[in-house]
């Protein structure tokens, strides 16, 4: 990544194909309930540099975008606090097809059962070896953290993000700093994407 702090504006297209600026979507979270939301077609306002293929192969000087989705909490008088963030794989944006993006990686991609799904095969044995190398632990949350995020139980069973990061780095994301109710800050909180462990 040449410029990980650079931000590219994202636009949202309407049913008549006109574009408007995209603004964060507010979510109402209810304890013990799954909250889902759908966002309409999004477009990057710029294309990636050097995005034309050379002799059918990716340009060696190709630049990429990443689509980053954040869930932020807004507390009065405080800057937004990132709860969790997820980054996509590398994305190439071309002007010739503005409604689509291409995940241009050296993998064999296949279409799934639905129009929007894409998957690629992994070595099952290797994935099972990775998972079998993970240590499963029982742990207790600090009361300051558990109460601050609304956990009903302070104990849980799972994995340690720092250990997962050594074995399956793509399964761990940095969620940013988390400020506890007592004022302490957990810097660069790591979050494990459980789906990546399967």
Index of the failed condition, residue 144 passing every other in (1) in a helix (DSSP H, G or I); (2) touching a strand residue (DSSP E or B) at 6+ places or on another chain (Cβ under 9 Å); (3) under 30 Å from residue 75 (Cα atoms) = (2)
If you scan the stretch 15-59, which residues turn out to be touching a strand residue (DSSP E or B) at 6+ places or on another chain (Cβ under 7 Å) and more than 30 Å from residue 80 (Cα to Cα)?
-> 51
May I ask you to list the residues in the stretch 131-148 that are free of Cβ contacts under 8 Å to residues at least 60 places away in the same chain and either within 21 Å of residue 85 (Cβ to Cβ) or surrounded by 10 or more Cβ atoms within 10 Å (Cβ to Cβ) (or both)?
-> 133, 137, 139, 140, 141, 142, 143, 144, 145, 146, 147, 148
Would you please list the contacts, defined by Cβ atoms under 6 Å and residues six or more apart or on different chains, that run from a residue in the stretch 21-47 that is free of Cβ contacts under 8 Å to residues at least 12 places away in the same chain and at negative phi to a residue that is assigned to a loop (DSSP other than H, G, I, E, B) and surrounded by 10 or more Cβ atoms within 10 Å (Cβ to Cβ)?
-> 35/27; 35/29
Of the residues that sit in the stretch 85-97 and are assigned to a loop (DSSP other than H, G, I, E, B) and either out of contact with any strand residue (DSSP E or B) (no Cβ under 9 Å at 6 or more places or on another chain) or modelled with pLDDT under 80 (or both), which one is nearest to residue 189 (Cα to Cα)?
-> 89
Please work out which one of (1) within 24 Å of residue 43 (Cα to Cα); (2) modelled with pLDDT under 80 is the condition residue 123 fails and give its number.
-> (1)
Which residues, counting only those in the stretch 149-196, are exposed (fewer than 14 other Cβ atoms within 10 Å of the Cβ) and part of a strand (DSSP E or B)?
-> 155, 156, 157, 185
Considering the stretch 54-75 alone, what residues qualify as being touching a residue at least 24 places away in the same chain (Cβ under 8 Å) and assigned to a strand (DSSP E or B)?
-> 65, 71, 72
From the option list 31, 48, 82, single residue qualifying as surrounded by 10 or more Cβ atoms within 10 Å (Cβ to Cβ) and either modelled with pLDDT of 75 or more or not in a loop (DSSP other than H, G, I, E, B) (or both) is 82
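The values are calculated or read from the model by the stated rules, or taken from the named source; none is laboratory data. Quick caveat: nothing in here was measured; it's all calculated off a predicted structure. Positions of Cβ are generated from backbone atoms using ideal geometry, with glycine treated the same way; all protein chains shown enter the neighbour counts.
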